[in-house]
Amino acid sequence: MKKLSLWSVLCVAMIAWSSSAFSDTIKVGVLHSLSGTMAISETTLKDTVLMMVEEQNKAGGLLGKQLEAVVVDPASDWPLFAEKMRELVEVHKVDVIFGCWTSVSRKSVLPVVEELNGLLFYPVQYEGEESSKNVFYTGASPNQQAIPAVDYLMDGGVERWVLAGTDYVYPRTTNKILESYLKLKGVDEKDIMINYTPFSHSDWQTIVSDIKQFGSAGKKTAVVSTINGDANVPFYKELGNQGLSAEDIPVVAFSVGEEELSGIDTAPLVGHLAAWNYFQSAESEENDSFIEAWQAFIGNEDRVTNDPMEATYIGFKMWAEAVSKAGTTEVDKVRPAMYGLEVPNLTGGTAVMNTNHHLSKPVLIGEIQDDGQFEIVWSTDGEVKGDAWTDYLPESAVIVSDWADPAINCGNFNTETKKCSGQNY
Amino acid sequence: MSTSFADAIDEGNTVLSFPELVASLTTKKFDEKAVIIKKIQESEHPQSLIILSKLLDGKIYYKKDDKTVVIADITKKTASIINASTGEPLGQTTKKKLKKVGINNKLRRALNSSIAQLSLNNEDPKIRKSAVVEMFKNMDDEMSSILQKQLGVEKNKHVIKTLETAISINQLKSSVHDDKLQAIESLSNSLYPEVRVALNQLEKNLSTSPQTSQTLTLIETTQNSLKKIESRVGIYKQIENIFFGISLGSVLLLIAVGLAITFGVMGVINMAHGEMLMLGAYTTYIIQLLLPNHIEYSILISIPTAFIFTGLVGIGIERGVIRFLYGRPLETLLATFGISLILQQAVRTLISPQNRAVSTPEWMSGSLDINPALSLTYNRLYIIIFALLVLAGLMLLLNKSKFGLQVRAVTQNRSMAKAMGIKTDWVDAFTFGLGSGIAGIAGVALSQLTNVGPNLGQAYIIDSFMVVVFGGVGNLWGTLFGAMTLGIANKFLEPSMGAVLAKIIVLVFIILFIQKRPRGMFALKGRSADN
């Protein structure tokens with residue numbers, strides 16, 4: 001029986017292959033770095049898209065056609081992202097692109113994807129302040145990650161705040177939002193310490209010692225970390241060595257997930273926090289089967305899943321559904337079909353695509369365990385709607401994004417001047 | 001069980017037997033667990049301390065079938081389990097059949113304070129002392145009287161001092177003027193942050209209360225005590241800063257000393273130096289993978305292994321590529337840069353693009369507490385010592401051995417050395433191998449500080465060139481002083497300017513310095529300088 005089904009799959013694949021010769025497939029572009037510094041995070045997402053494509057093909061494809069993944073490697077080189085995007089759309093004629101990780105890579109492809117009227121799904125949590133007609137943001141915006149995390153800590157009695165981040169656009173914007181949010185909540189300027197470090201900073205002695213001193217003022221202190229990538233390991237190691245435990249000064253991180261923890265000895269990190277929309281430890285049937293499928297696809301029982309993977313999963317499912325609803329892969333028809341679509345997320349609820357191109361998702365807080373997984377200690381009651389423009393910066397509070405309302409129909413409508421600011425994104 | 005426990009709390013009927021208490025740990029609610037922890041502590045059962053500390057370590061599980069709470073020691077997929085409430089061994093089971101009793105930070109705090117109270121009579125004075133320090137945070141009259149009693153039986157003078165501090169902290173709240181004054185004065189010698197917090201709080205309270213002559217003296221004494229403490233803390237902060245500087249300097253020294261050989265002595269612009277560091281770090285990872293039960297010694301085994309392995313890779317690179325490019329610096333630069341990219345991608349393909357976890361042996365984690373205001377982390381201490389040992393060993397080798405003599409002869413005058421019968425080809429290969437091997441050793445040390453991943457080398461290559469050029473090409477003393485100067489300068493700039501600006505300022509300083517003294521701090525003199 002098994003052999004038979006294997007044969008049938010093979011036959012289907014053969015037919016798919018032969019038909020692809022006549023370009024009768026739907027092409028899915030994958031724009032993730034497979035080499036260079038970002039390969040560490042992005043290769044996983046490439047594999048996720050490949051898995052989703054394979055599953056969709058097994059289920060009969062889309063619109064009676066097979067899907068075909070076109071993988072390119074932008075090699076962690078930001079300008080190359082724009083070139084590869086152009087190649088995907090103009091040369092390979094892909095119908096949709098899943099890709100990018102860093103904000104700078106997304107900013108680099110924006111002009112291209114808008115000029116060529118492509119369709120990009122961006123699966124990573126980011127700083128917000130953007131809503132492009134041609135991009136769907138399936139990762140968290142600040143109000144779906146940073147703000148709820150701060151609320152959680154505040155409920156736990158935290159009064160003094162260290163905002164530590166790597167020196168680039170995402171931490172700077174997030175910290176600006178958080179700082180004005182904290183002040184709005186009555187936190188004194190003296191009780192906020194902001195610190196930036198260069199990329200892959202490895203000598204954290206002074207900073208950790210400063211945090212220790214800042215935290216010994218008698219008020220409960222927490223660190224909100226937007227420290228990126230590789231710099232996290234030495235940071236947590238130094239915390240452990242200088243004896244700062246999570247009970248004294250918890251660190252809540254926005255860029256540390258299961259994947260990053262799999263490269264760390266987690267024993268000294270136990271109890272530190274992370275805020276995401278998904279944890280591998282979430283208990284739901286969808287999640288169990290997703291993890292099982294992923295580990296089978298990759299052929300490794302120890303491989304973990306993480307939040308950007310869920311965002312990719314939701315994005316792919318939504319796109320597939322929108323395509324079947326629209327009956328075509330034409331971007332101008334698929335885009336309106338996306339609005340209001342509901343797809344089960346992996347944590348047991350439903351994700352909804354809003355007309356500002358951001359998702360409604362639940363927010364979870366997890367504590368790091370010694371096996372590299374998170375114990376979910378808190379979650380929002382329901383789904384939180386992603387906000388493209390934050391409410392906590394005066395210049396952004398008046399801006400809304402709505403691509404469905406004919407009266408607005410742009411990504412940056414100023415409710416005071418009643419105008420779109422002119423640029424496309 | 002958990003429902004009956006909740007009922008028991010509701011009805012105020014809190015008399016539960018010890019096994020019942022332990023069994024109720026299976027509840028999912030953190031609030032209930034907090035109550036149970038308190039009760040387990042108060043029961044003073046012989047198993048209490050074990051259960052609470054195992055719970056803190058995350059070793060308490062319950063069996064999914066009959067909900068027995070057990071202490072489990074898990075290795076891979078199997079687990080040996082012990083009944084938590086009786087201490088009786090229950091044999092082996094599989095990990096899948098167990099479910100962990102989860103805790104959160106609030107519970108960890110509660111556990112720490114409960115464990116501290118149970119450890120006041122521990123045999124080890126260090127544990128007794130840290131138990132008392134744990135109490136500082138929530139001192140009240142009840143706790144104070146317990147500690148008073150403890151003071152009567154305590155023999156160890158360090159513990160006695162800590163006990164007195166704890167009692168004094170509580171005494172600050174006393175309504176008797178003289179008691180208060182005495183407490184303030186006695187606390188002026190203590191460096192614990194909790195003492196400063198308590199004194200600051202007292203000062204705030206006093207300044208808002210009616211200004212009688214008594215409160216005025218109190219305020220003055222408090223301020224004097226605080227001033228005294230602050231000035232001492234300030235001094236220790238400076239010492240700590242110097243330590244940070246030296247430790248950053250020793251990391252710079254370690255990563256640069258290999259380059260000081262390949263670039264400094266041989267003159268090869270070796271862009272693949274960072275990847276030698278990376279290979280050394282990966283050697284540690286592989287050794288730990290091969291010897292999972294000997295993490296404690298893995299570092300010691302890794303050092304010679306990494307030296308030999310990266311040394312061989314270095315010799316391979318020299319024989320295969322660099323020897324054809326001597327005297328063509330630009331091409332050497334490009335070729336070695338290419339090698340560095342190849343090595344990085346090779347690691348990505350063969351091992352994984354993900355970072356790998358390298359564990360830190362017990363003896364290298366934690367810190368040496370000199371006093372409450374100054375503690376030095378062990379891993380940094382060891383790395384300082386290690387860096388100096390490596391430098392000393394290298395100097396001995398170059399200055400006292402035959403091989404060192406040959407190396408110096410070849411770099412100073414190649415054709416003359418050849419005429420004297422030295423096999424210059426092989427000296428070149430071994431010198432390059434030596435430099436690479438030392439980079440490999442440095443990689444072992446780095447694996448204890450930072451990520452082990454394909455990008456490890458990239459983060460350090462610029463720094464190592466900076467140190468060698470600044471210190472003076474071709475001089476190991478220069479490398480030592482260059483590394484230490486940069487490390488300490490960086491750490492003294494960092495607190496006031498932030499890490500980003502400090503780095504920029506150091507770079508600008510080096511550029512200006514090189515303008516003035518193009519050959520670095522310790523320039524070679526005499527004929528050899530002309531090459």
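A short reminder: the numbers here are calculations on the coordinates, not readings from a lab. Quantities reported herein were computed from a predicted structural model and do not represent experimental measurements. All Cβ positions, glycine included, derive from the backbone under ideal geometry; neighbour counts span all protein chains shown.
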**Message:** Please list 3J(HN,Hα) in residue order for region A:207-221, calculated via the Karplus relation 6.51 cos²θ - 1.76 cosθ + 1.60 where θ = phi - 60°; whole Hz, with x for glycine and proline.
**Reply:** 5, 5, 5, 5, 4, 4, 5, 4, x, 9, 8, x, 9, 5, 10
**Request:** Among the aspartates and glutamates, select those whose C-alpha is under 12 Å from the C-alpha of residue B:59, and discard any that sit fewer than 8 residues away in the same chain.
**Result:** A:370, A:371, B:73
**Fill in**
Sequence order, region B:501-513: Karplus ³J(HN,Hα) from phi using 6.51 cos²θ - 1.76 cosθ + 1.60, θ = phi - 60°, Hz rounded, Gly and Pro as x, gives 5, 4, 5, 5, 4, 4, 4, 4, 4, 5, 4, 4, 5
**Message:** Quick check: Cα centre of region B:158-232 to Cα centre of region B:49-94, how many Å?
**Reply:** 46
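Summing +1 for each Lys or Arg and -1 for each Asp or Glu, what net charge is found among the other residues whose Cβ lies under 12 Å from the Cβ of residue B:335? Show your work: numbers first, answer last.
On the way: positive: B:323, B:328; negative: B:318, B:331.
Value of the local net charge: 0.
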**Prompt:** Which number comes out as Rg/Rh for region B:2-108 once both Rg and the Kirkwood Rh are worked out on C-alpha atoms?
**Reply:** 0.96
**Request:** Starting from the amide H of residue A:377, placed 1.01 Å from N in the peptide plane, find each other amide H under 5 Å away whose residue is 5 or more places distant or on another chain.
**Result:** A:365, A:366, A:367
**For region B:226-237, 3J(HN,Hα) per residue [Karplus equation, 6.51 cos²θ - 1.76 cosθ + 1.60, θ = phi - 60°, Hz, x = Gly/Pro]** = 4, 4, 4, 5, 4, 5, 5, 4, x, 4, 5, 4
**Asked** Any idea what the relative contact order of region B:119-196 is, in percent, if you count C-alpha pairs under 8 Å spaced at least 6 apart?
**Response** 27
**Request:** Please arrange A:358, B:273 by counting, for each residue, the other beta carbons lying within 10 Å of its beta carbon, fewest first.
**Result:** A:358, B:273
**Prompt:** Measuring from centroid to centroid over Cα atoms, what is the spacing of region B:475-498 and region A:103-131 in Å?
**Reply:** 41
**Message:** At 222 nm, what value in deg cm²/dmol follows for chain A if DSSP H runs of at least 4 each add -39500 (n - 2.57) and the sum is divided by all its residues, to the nearest 500?
**Reply:** -11500 deg cm²/dmol
**Fill in**
In nm, the gap between the two label points placed 7 Å beyond Cα toward Cβ at residue A:284 and residue B:395 is 6.4
**Complete:** Taking B:115, A:298 and counting other beta carbon atoms within 10 angstrom, the fewest-first order is A:298, B:115
**Message:** For the protein assembly as shown, take every pair of Cα atoms, bin their distances at 20 Å starting from 0, and report each bin as a whole percent.
**Reply:** 12, 38, 36, 13, 1
**Request:** Would you mind ranking A:307, B:463 by Cβ crowding within 10 Å, fewest neighbours first?
**Result:** B:463, A:307
**Message:** Using amide H atoms built in the peptide plane, which far-off residues or other-chain residues are under 5 Å from residue A:124 H to H?
**Reply:** A:138, A:139
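Local charge sum around residue A:93 (other residues, Cβ-Cβ under 13 Å, Lys/Arg +1, Asp/Glu -1)?
Details: positive: A:27, A:86; negative: A:24, A:68, A:87, A:90, A:95, A:330.
That works out to -4.
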**Prompt:** Taking only pairs that are 8 or more places apart or on different chains, how many Lys pairs in region B:121-209 have Cα atoms under 16 angstrom apart?
**Reply:** 13
**Message:** Apply the a/c threshold of 1.5 to the C-alpha gyration tensor of chain B and tell me whether it is rounded, prolate or oblate.
**Reply:** oblate
**Asked** Considering chain A as a Gaussian network with a 10 Å cut-off on Cα pairs, which listed residue, A:191, A:248, A:155, attains the greatest mean-square fluctuation?
**Response** A:155
**Asked** For chain A, what's the relative contact order in percent, using C-alpha pairs closer than 8 Å and at least 6 residues apart?
**Response** 16
**For region B:121-209, radius of gyration divided by Kirkwood radius, i.e. Rg to Rh on alpha-carbons** = 0.98
**Request:** For residue A:99, list long-range residues whose amide hydrogen, built 1.01 Å from N in the peptide plane, is under 5 Å from its own amide hydrogen.
**Result:** A:31, A:121
**Mean-position separation - Cα centroids, region A:132-163 and region A:268-346, in angstrom** = 20
